[in-house]
Amino acid sequence: MPNITPKSSIESKFRLSWNGFKSKLLLKYALSYILMFLIPLTFVTLLIYENAVSDLRKEIEQTNLNQLNQVKITIDERMNELQQITSRIAYDEKLSSYKFHDSYYSIEAIQALGNYKANSGILDDLFLYFHNDDTIYSYRGLADIDLVFGELYRYDNWNSKQIYRDLNEIKQPIIRPAENVTVNSRKNSTLTMLFPIKPTDLYPNATVVYMVDETIFTGVMDTILNSFSGNGYIFTQDGQLLSSSNREAEISPEIVHQLSTLKPGIHNMKLNGVQHSVVSTKSNDNNWSYVTTIPSYQFFSKVVHIQTLILIVFLVTVISGVVAAILLAKRQYHPIKDIIEFTKLSPNANIHARTRNEWEWIKQTIHEYNARIDDQIPFVRNQCLLLLFKHGKPNDPDIESMITRSGLEYPNGQGLYLSIILAWDVSAEADEVASIRHPMPEMLSELEFPDLEARIFGIEFNTKNQFALLVSMPAESTEPVHKRIEAVIEAIKIIVIDNAQVVPYFGVGLPYPDLDRMNQSFIEAATAIDNRIIGVNGRVTYFEQLQDISVTQTEAFWIPKKSFLKLKQSLKQGNETVANQVIDDMIKQIKEEALSPALLRCICSDLLNSMLSTSHELGVTDVFKSLDNYTAYTTIEELEVVLTDLTRRICDQVERNTESDQPSLIDDIVSYVDQRYADYTLSLEHIALKYSVSIPYLSRTFKDRTGMTFTQYIWQRRMDEVKRLLITTNAPLKEIIEQVGYLDTPNFIRKFKKETGETPGQYRKQNTNQENA
């Protein structure tokens, strides 16, 4: 019997070496933090004590100036937004006087005006007025001017006659300072802005009226004052007070006017007998001035608070600095320890026993992982290619990210994607075929033609003597698409001839604007290569050419021949998604035609007969036992159900035939899940991608093999492992749950209790007691 070292002995030896290994790094951390705390803190405390007042004041004033500049930028953007809206309204044909006065177009014009109001986040209301008209328009409809500004909006210092005069005589924009406006018996402080249109005309014919709540302006000013008491002001280019935010006693109008004349910068002024810090800035867009005033005495109260706080922090740090440094060092070290423990969980982890410290260990491990990732990139790309060719781009964020990282998406903007299949003469001798196929993977696995702005990725697939390519190119180009495809094919042909001394056959699918329908293009390319007898010069066959094949009246009549060929090819590939899409397109064509019942029956029979013939070719003979069911349809909808069921049975059989070439495939998949069930990223989509099978087929066969769905199986494996760890270890519950790949601990506990009738803690206590007993 071989000698076996006890697990506990190994763990204890490793723990001793590990603790000694760890203490060196912890000591360095602790000493570093002690120096980092004490030396700077002592020096900074002395400086702060002498310079607190001036430094804090400068900081607050500079912060206020920066914030005031930001307020200026924000309000400038809002005003520019209103000017842009004015320009768009002026040149919007839907908002012409004719459209508003025409009963047919007036609703459309009002809706267009409402869109402008809805797209602005600062407008309370918006009106459009045409000169010498008694009616004014808004997103709500039209109304009399006296009604709008006499009943709906009532100004204290602006009556309807003055409003009517200003609306008709305005030549330049007018902005009224914030004033009380009565709206539905409630007073609101509102800014009213009048803009003539067209803005550049000497004689405008209309006026746009904007109404903006004053809080839009005062709100941003209040953010500057923050916890300080003080005032904020906005002045027009003429020195007129436009809006103000008062958080202390108001100052006299004379002093307010004096503030409007200040140059941009920081000033010290005495206001109402109190020394103030005054910050001013001016807009370059409209020459508006922005001013804030803050009493200076507030700075000193801040300084006293800081001095006390610094003294307390300094004393506490001197007394407990060493302890704090050690605790912080341990806390900083904990993520490093977690990383090392995590990497050791990998079955392929290589423990570097002779490394000097943990950082070197992590560095070596990362280098090893990078090397493994580089080795896996071609494999991942090939798996992604197989997935795209067979199922298209799945709706799975992780797999989408994998496809993007593999470089299969066109990197420079919107791309066009198509599939090309290469084949060569099947009559060649075996040695000759081998010599042709041998250089293909290396030759065509990844190509780039900068002159054509095209990228090509290739892969061998199960079909004998054929090679599949994914071609991507820019969607926008001066050259027609078919010319660019022809140039790519010619470039590929040259490479193949130079390296393999053979001219291959090309089957070309249709181009699509995204990778979602790459499986469609692949089926089309496979259909084209199977019908290469009609190819250009006997070598290149485009799927589009198949629609030009002449058909007799005994064939599909008006259904394109290429549709039948594409359906047959998708069934041969076992691609249920594409086959159902082709059937759906055919059924839609049939429904759109006005056919006699007799002719309609013939066409439907021809479609069913084509699928039965393909089924016979593929050896799917079980369907003929249900022939009566398939021919008993009475409507087009029933026929579609019949064809969909037939497609499913044929594609399932093709999948089983593929699996029969690898009898242990489903056993390998179950074994793979048993090994990786603790990986929280494990999903049905990832496994289908890894083993190149469809997701629906994998889901069905997995359940047939295990008696459970994929999700149920993963949950059961994790549950069994959690129960085992609860009984055999003292590890914390959260650590156990994360160890089996479940990240939501509260949700797991709820499901555990629902299944077992007790919490994990109760389960551990009860079963541990039973074992001890």
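The values are calculated or read from the model by the stated rules, or taken from the named source; none is laboratory data. Because the structure is predicted, anything quoted here is derived from the model rather than measured. Cβ: placed from backbone, ideal geometry, glycine included. Neighbour counts: every protein chain shown. What goes into the accessible areas is simple: the full protein's heavy atoms, side chains included, and nothing from ligands, DNA or RNA. Shrake-Rupley method; radii C 1.70, N 1.55, O 1.52, S 1.80 Å.
Where residues in the range 65-101 are more than 30 Å from D133 (Cα to Cα) and among the polar types (S, T, N, Q), which of them is nearest to the chain's Cα centre (by Cα)? Result: T74.
Within the range 693-773, which helices (runs of 4 or more DSSP H) (wholly inside it) include 1 or more residues that are open to solvent by 30 Å² or more (accessible area, probe 1.4 Å) and within 19 Å of D679 (Cβ to Cβ)? I'd like the intermediate steps shown before the answer.
Values: elements: 695-706, 710-728, 733-739, 745-756, 760-772.
Counting at least 1 such residues, we get 695-706, 710-728, 733-739, 745-756.
Does the range 447-464 hold any residues that are surrounded by 14 or more Cβ atoms within 10 Å (Cβ to Cβ) and at pLDDT 80 or above, and which are they? Matches in the range 447-464: L447, F449, L452, E453, A454, R455, I456, F457, G458, I459.
Before we move on, is E179 among the acidic types (D, E) and open to solvent by 40 Å² or more (accessible area, probe 1.4 Å)?
Numbers: among the acidic types (D, E): yes; open to solvent by 40 Å² or more (accessible area, probe 1.4 Å): no.
Against the criterion (among the acidic types (D, E) and open to solvent by 40 Å² or more (accessible area, probe 1.4 Å)), E179 does not qualify.
Restricting T86, T63, T45 to residues that are of a type in the set (S, T, Y) and within 20 Å of M221 (Cα to Cα) narrows the list to T63.
Considering D530, D548, the condition of being over 39 Å from the mean Cα position of the chain (by Cα), modelled with pLDDT under 80 and exposed (fewer than 14 other Cβ atoms within 10 Å of the Cβ) is satisfied by D548 alone.
Hey, among T729, T709, which residue is of a type in the set (S, T, N, Q), more than 25 Å from I403 (Cβ to Cβ) and within 36 Å of the chain's Cα centre (by Cα)? Step through it out loud before you land on a result.
Working: T729 fails: within 36 Å of the chain's Cα centre (by Cα).
None of the other options fit; the residue is T709.
Of all residues assigned to the range 240-250, none qualifies as being closer than 22 Å to R176 by Cα, touching a residue at least 40 places away in the same chain (Cβ under 8 Å) and acidic (D, E). Can you confirm whether D668 is farther than 20 Å from M719 by Cα and either modelled with pLDDT of 80 or more or among the polar types (S, T, N, Q) (or both)? Taking the combined requirement at face value, the residue satisfies it.
Looking only at residues that are among the acidic types (D, E) and in a helix (DSSP H, G or I) in the range 487-527, which one is surrounded by the fewest Cβ atoms within 10 Å (Cβ to Cβ)? Restricting to residues being among the acidic types (D, E) and in a helix (DSSP H, G or I), the top hit is D498. Is there a residue in the range 718-731 that is among the acidic types (D, E) and modelled with pLDDT under 90? Taking every residue of the range 718-731 in turn, none turns out to be among the acidic types (D, E) and modelled with pLDDT under 90. Of everything in the range 252-261 that's outside any loop (DSSP other than H, G, I, E, B) and without any contact (Cβ under 8 Å) to a residue 24 or more places away in the chain, which residue is surrounded by the fewest Cβ atoms within 10 Å (Cβ to Cβ)? Only one residue tops the list, namely E254.
Of all residues in the range 103-123, which are among the charged types (D, E, K, R) and either within 11 Å of G141 (Cα to Cα) or modelled with pLDDT under 85 (or both)?
Within the range 103-123, the subset among the charged types (D, E, K, R) is 108, 117.
The one that is among the charged types (D, E, K, R) and either within 11 Å of G141 (Cα to Cα) or modelled with pLDDT under 85 (or both): E108.
Beta carbons closer than 6 Å, at least 6 apart along the sequence or on distinct chains, never pair a first residue in the range 484-505 that is touching a residue at least 12 places away in the same chain (Cβ under 8 Å) and on the phi > 0 side of the Ramachandran plot with a second that is open to solvent by less than 50 Å² (accessible area, probe 1.4 Å) and aromatic (F, W, Y).
Just the residues that are over 42 Å from the mean Cα position of the chain (by Cα) and crowded, with 20+ Cβ neighbours inside 10 Å, please, taken from the range 205-228. So that I can check it myself, show each step before the final result.
Step one: of the range 205-228, the residues over 42 Å from the mean Cα position of the chain (by Cα) are 205-207.
Once the filter is applied, which keeps residues that are over 42 Å from the mean Cα position of the chain (by Cα) and crowded, with 20+ Cβ neighbours inside 10 Å, the range 205-228 yields A206, T207.
For the subset of the range 262-290 comprising residues that are part of a loop (DSSP other than H, G, I, E, B) and farther than 23 Å from Q70 by Cβ, which member is least open to solvent (accessible area, probe 1.4 Å)?
G273
Taking the conditions exactly as written (at pLDDT below 85 and closer than 23 Å to L387 by Cβ), does L444 satisfy them or not? Reasoning before the result, please.
On the way: at pLDDT below 85: yes; closer than 23 Å to L387 by Cβ: yes.
So L444 fits the description; yes.
Only residues that are farther than 21 Å from Q70 by Cβ, modelled with pLDDT of 85 or more and open to solvent by less than 40 Å² (accessible area, probe 1.4 Å): list them for the range 229-251, please. Answer for the range 229-251, where residues must be farther than 21 Å from Q70 by Cβ, modelled with pLDDT of 85 or more and open to solvent by less than 40 Å² (accessible area, probe 1.4 Å): just G239. Of the residues examined, N609 is one that is under 19 Å from R648 (Cα atoms), open to solvent by 50 Å² or more (accessible area, probe 1.4 Å), at pLDDT 80 or above and part of a helix (DSSP H, G or I). It is to be established whether one or more residues within the range 194-202 are in contact (Cβ under 8 Å) with a residue 60 or more places away in the chain and surrounded by fewer than 20 Cβ atoms within 10 Å (Cβ to Cβ). Checked against the condition, which is being in contact (Cβ under 8 Å) with a residue 60 or more places away in the chain and surrounded by fewer than 20 Cβ atoms within 10 Å (Cβ to Cβ), the range 194-202 yields at least one hit. Only one of the numbered conditions (1) in contact with a Ser or Thr (Cβ under 8 Å, 6 or more places away or on another chain); (2) over 28 Å from N64 (Cβ atoms); (3) among the hydrophobic types (A, V, I, L, M, F, W, C) is violated by M221, and that is (2). Say whether the condition of being out of contact with any Pro (no Cβ under 9 Å at 6 or more places or on another chain), closer than 30 Å to V278 by Cβ and modelled with pLDDT under 90 is met by at least one residue in the range 182-189. Yes.
Results for (1) surrounded by fewer than 18 Cβ atoms within 10 Å (Cβ to Cβ); (2) touching a residue at least 12 places away in the same chain (Cβ under 8 Å), shown as yes or no for each residue.
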| site | (1), (2) |
| --- | --- |
| E593 | yes, yes |
| A598 | yes, no |
| T614 | no, yes |
| I636 | yes, yes |
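May I ask you to list the residues in the range 145-167 that are open to solvent by 70 Å² or more (accessible area, probe 1.4 Å) and assigned to a strand (DSSP E or B)? Steps first, answer last, please.
Looking only at the range 145-167, we keep the residues that are open to solvent by 70 Å² or more (accessible area, probe 1.4 Å), and these are 146-147, 151, 154, 156-157, 159, 161, 164-165.
Within the range 145-167, R154 is the sole residue that qualifies.
I need a count of the residues in the range 192-218 that are among the hydroxyl-bearing types (S, T, Y) and either touching a Ser or Thr at 6+ places or on another chain (Cβ under 7 Å) or modelled with pLDDT under 90 (or both).
Initial filter on the range 192-218 (among the hydroxyl-bearing types (S, T, Y)): 192, 200, 203, 207, 210, 215, 218.
Filter once more, keeping what is either touching a Ser or Thr at 6+ places or on another chain (Cβ under 7 Å) or modelled with pLDDT under 90 (or both): 200, 203, 215, 218.
Total satisfying the criteria: 4.
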